[in-house]
Amino acid sequence: MVVTTHRRWRCRTLTVVSDPPNEEEESSTGSILESCGLLPAVAVCFISHESLRPADREASLGCFRKMGDPITEYTTRLQQQEREIRSLSAEIESLKNPQNLSPSPRLDELRDENTKLKYRLNILKRGLQEERTTHCGKSMMNINLRLQEIFGEAIRASCPELDNPPLSVAPNQQAKFGDYQCNSAMAMAQMLKARGMKINPREIAEKIIQNLPDNELIQKTEIAGPGFINIHLKRTIVSKLLSNLLINGVQPPPLASPKRVVVDFSSPNIAKEMHVGHLRSTIIGESMCRLFEFLGYDVVRLNHVGDWGTQFGMLIAHLQDKFPDYQTSSPPIGDLQAFYKESKKRFDEEEDFKKRAYQCVVRLQSKEPDFIKAWNLICDVSRREFQKVYDCLDIQIVERGESFYQDMMTKVVKEFEDKGLVELDEGRKIVFAPGQSIPLTVVKSDGGYTYDTSDLAALHHRLFTEKADIIIYVTDSGQATHFQVVFAAAQMIGWYNPQVTRVEHAGFGVVLGEDKKKFKTRSGDTVRLMDLLEEGLKRAMDKLKEKERDKVLTPEELTKAQRSVAFGCIKYADLSHNRINDYVFSFDKMLDDRGNTAAYLLYAFTRIRSIARLANIDEATLRKAAETSEVLLDHEKEWKLGKCILRFPEILQKILDDLLLHTLCDYLYELATTFTEFYDSCYCVEKDRQTGEVVKINMWRMLLCEATAAIMAKCFDILGINPVGRM
């Protein structure tokens, strides 16, 4: 608040130039001004009077000119005004005594001006709310987040004495009690009790409701039980948000600032086949990348393959013996796994071969051209095999293996040494990170580097060259301790601040067979990933033929459906389980078209998409209807489905926080079952029972079908599942 005083005749008059106060200011400022006979200052009041000094008059006019952007002006000046309020409090207090005041002919004029400007400010606030609702761009609103903003403001105003008061807003589990629920009052009562203030949680809930700001979302609130606040949404706003979704498509919430994300996933070893152990990292990592990309992040997908190390010495030595003309004629290595086993057997049994293998490692690390060529040949054979898996699963990834970081390791070790963080231990160079009982071995006793060294070098490159804001490692949970030590060492040396840069290990459990033991073949070998995918294709085709889909689909459609079901079911079976836990791999369960499976959801999606087609409604007609028709939500099942559709952004936000993708699968299944309830209760297309001809189309319900399908399609896309038009 800006308060100028000037002397008129024998008394002093306050000229008030004030911005709208926040809740804390409103009570104190209002009481002071009311005691002077003025309304609480909620807008900007100006007095243009010749007795004002020119500088004061110009300052007042300057404030008026800045009203072109009032909200920005309010925000930047509030703190300065608060200081001026305190400095002038004493002077204002002296004016509270009526004996010291003389009648002012300007007082009524000031009151009128304050009233007018207060009215204008309220119009502005309502306009901003309308802007938020109807002109918020193409982005979907996160209703939960918006409710948290509204209740956060009310909670702070209700208990200003609490620092960081608890804020809990969640969807209501029972529709009869409302749409969302705020459960903060009970926790606030406990915090106040700890300070010696005993207040009933219901009283706190009442205060919170009283302090709720005007907003576009809330129709009404009710207090239930010990202090739960049940929240009922406005049906008109839900309808408008659904219309925005239909017109603009499924768009992510606005991103505060663009960020770069590096996701390290899949990471098989060269010269070894991808097995079922690589399945989870590949599927989970791909889905995480898709989520970040949809939300607007710049994503770098990295495949940290094991393409360096002593094993390449024996592989190159075996290559030289088995295919001596490898430099001029590409060796026909059909089964690299068998080739690896042959070289390993010789390495274990033949002493001369072992010595030559070590010599090959030295010459490879010296980057002699012949040995680099042999190494590249072996890597290329592996890459072709890996790509078969990636093509089946629709994986996009950039290879950047351990060899990429070889030249960086010396600098990384030197940096730790220069900062006095390296210790010698029986010839090894080790690094202890704070709070970690296990050290990192950065240099072996023979002078070679280790996985610890390469992971430190990789992290350094991702932080300083890639300039990543978020780095995620998707590997099995058995590596959790290793990454914990690597991250601690990186923080110790000052590479990143965890409050600024997010570096996280997203671990996962192992794949089990139906006997609840590690998933293996009958002979006890690890299951090859390509064998698993081919088995999935066979079983998917059997399932489709069992349903007689081969009689209604063209051969091309049948093949598309086969791949969609096979690979979709394998992915969904993994992603629908909490990644932290182990899960049982069962083709029978994942291909079941009942329950929370990809088979059920793909069928459900195809059915929803077919409703408009059966009613002869094309996309152009649906789009025109979305632009001109209101989405009615009068039936309880319409209302339930509409709210479920709009929860999509808050589901994505939760996954962004904890990287647990099964939440999206649970939501997708909930959406499909909620749609089924709606479709069973609400006629979308009404037909003549005798002729079967369409007699009425309830277009607002067709729009709900379209909105459901749009959200389901985006869920499938994030999960890496490809639905088909006909199944």
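The values are calculated or read from the model by the stated rules, or taken from the named source; none is laboratory data. The shown structure was predicted, so the numbers you read here are calculated from the model rather than taken from an experiment. Reconstructed Cβ throughout: ideal geometry from the backbone, glycine too, with neighbour counts over all protein chains shown. Keep in mind that these areas ignore ligands, DNA and RNA; they rest on the heavy atoms of the full protein, side chains included. Shrake-Rupley method; radii C 1.70, N 1.55, O 1.52, S 1.80 Å.
Things worth noting here:
- All of D588, D550, D531, D592 fail the test of being within 22 Å of I395 (Cα to Cα) and without any contact (Cβ under 8 Å) to a residue 24 or more places away in the chain, apart from D531.
- K341 out of contact with any Asp or Glu (no Cβ under 7 Å at 6 or more places or on another chain), more than 22 Å from M274 (Cβ to Cβ), at pLDDT below 95 and not β-branched (V, I, T): no
- Selected residue [surrounded by fewer than 21 Cβ atoms within 10 Å (Cβ to Cβ) and touching a residue at least 40 places away in the same chain (Cβ under 8 Å)] from E417, E426, E466: E466
- Of all residues in region 618-654, those satisfying the criterion of being touching a helix residue (DSSP H, G or I) at 6+ places or on another chain (Cβ under 6 Å) and of a type in the set (V, I, T) are V631, I645, I651.
- Just one of the listed residues (L664, L652, L703) is surrounded by 15 or more Cβ atoms within 10 Å (Cβ to Cβ) and under 18 Å from N596 (Cα atoms), and it is L664.
- Entry remark, region 672-693: residues being open to solvent by 90 Å² or more (accessible area, probe 1.4 Å), of a type in the set (D, E) and assigned to a loop (DSSP other than H, G, I, E, B) number 1 in total.
- From the list L646, L602, the lone residue that is under 30 Å from R502 (Cβ atoms) and surrounded by 18 or more Cβ atoms within 10 Å (Cβ to Cβ) is L646.
- Meets criteria (without any contact (Cβ under 8 Å) to a residue 12 or more places away in the chain and either open to solvent by 60 Å² or more (accessible area, probe 1.4 Å) or farther than 15 Å from L245 by Cα (or both)) for K637: no
- When residues of region 507-542 are limited to those that are assigned to a loop (DSSP other than H, G, I, E, B), surrounded by 13 or more Cβ atoms within 10 Å (Cβ to Cβ) and not hydrophobic (A, V, I, L, M, F, W, C), the one modelled with the lowest pLDDT: G513
- Screening S382 with (1) under 29 Å from T282 (Cβ atoms); (2) among the small types (G, A, S); (3) surrounded by fewer than 16 Cβ atoms within 10 Å (Cβ to Cβ) gives one miss only, at (3).
- Among (1) modelled with pLDDT of 95 or more; (2) surrounded by 17 or more Cβ atoms within 10 Å (Cβ to Cβ); (3) farther than 16 Å from P252 by Cβ - the single one V724 does not satisfy: (1)
- Scanning region 486-500 for residues that are closer than 21 Å to D658 by Cα and surrounded by 16 or more Cβ atoms within 10 Å (Cβ to Cβ) turns up V486, F487, A488, Y496.
- Helices (runs of 4 or more DSSP H) contained entirely in region 572-639, each with at least 2 residues that are under 27 Å from the mean Cα position of the chain (by Cα), closer than 18 Å to D666 by Cβ and of a type in the set (S, T, N, Q): none
- Answer residue from region 553-571, given it is over 30 Å from A506 (Cβ atoms) and in contact (Cβ under 8 Å) with a residue 60 or more places away in the chain and is farthest from the chain's Cα centre (by Cα) among those: L553
- Applying the criterion of being in contact with a strand residue (DSSP E or B) (Cβ under 8 Å, 6 or more places away or on another chain) and touching a residue at least 40 places away in the same chain (Cβ under 8 Å) to the residues of region 446-457, the residue that is surrounded by the fewest Cβ atoms within 10 Å (Cβ to Cβ) is Y449.
- So S281, is it surrounded by 18 or more Cβ atoms within 10 Å (Cβ to Cβ), part of a loop (DSSP other than H, G, I, E, B), within 25 Å of the chain's Cα centre (by Cα) and in contact (Cβ under 8 Å) with a residue 12 or more places away in the chain: no
- Among the candidates V431, V443, V412, residue that is among the aliphatic types (A, V, I, L, M), within 33 Å of the chain's Cα centre (by Cα) and either open to solvent by less than 30 Å² (accessible area, probe 1.4 Å) or within 16 Å of A458 (Cα to Cα) (or both): V412
- Selected residue (criterion: nearest to the chain's Cα centre (by Cα)) from residues of region 660-671 that are assigned to a helix (DSSP H, G or I) and among the aliphatic types (A, V, I, L, M): L664
- Here the helices (runs of 4 or more DSSP H) wholly within region 150-268 that include at least 2 residues being open to solvent by less than 30 Å² (accessible area, probe 1.4 Å), touching a residue at least 12 places away in the same chain (Cβ under 8 Å) and touching a strand residue (DSSP E or B) at 6+ places or on another chain (Cβ under 9 Å) are 184-194, 201-210.
- Residues that are under 30 Å from A256 (Cβ atoms) and free of Cβ contacts under 8 Å to residues at least 60 places away in the same chain, drawn from region 293-333: E293, G296, D298, V299
- Checking each residue in region 543-561 for being charged (D, E, K, R) and in a helix (DSSP H, G or I) picks out K543, K545, E546, R549, D550, K551, E556, E557, K560.
- If you check N616, N596, N581 for being open to solvent by 40 Å² or more (accessible area, probe 1.4 Å) and at positive phi, only one passes: N616.
- Test result for L575, modelled with pLDDT of 95 or more and hydrophobic (A, V, I, L, M, F, W, C): yes
Quick grid of which residues meet (1) assigned to a helix (DSSP H, G or I); (2) buried (at least 20 other Cβ atoms within 10 Å of the Cβ); (3) hydroxyl-bearing (S, T, Y):
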| position | (1), (2), (3) |
| --- | --- |
| E273 | no, yes, no |
| E286 | yes, yes, no |
| E293 | yes, no, no |
| R301 | no, yes, no |
| A317 | yes, yes, no |
| D321 | yes, no, no |
| D325 | no, no, no |
| G334 | no, no, no |
| S343 | yes, yes, yes |
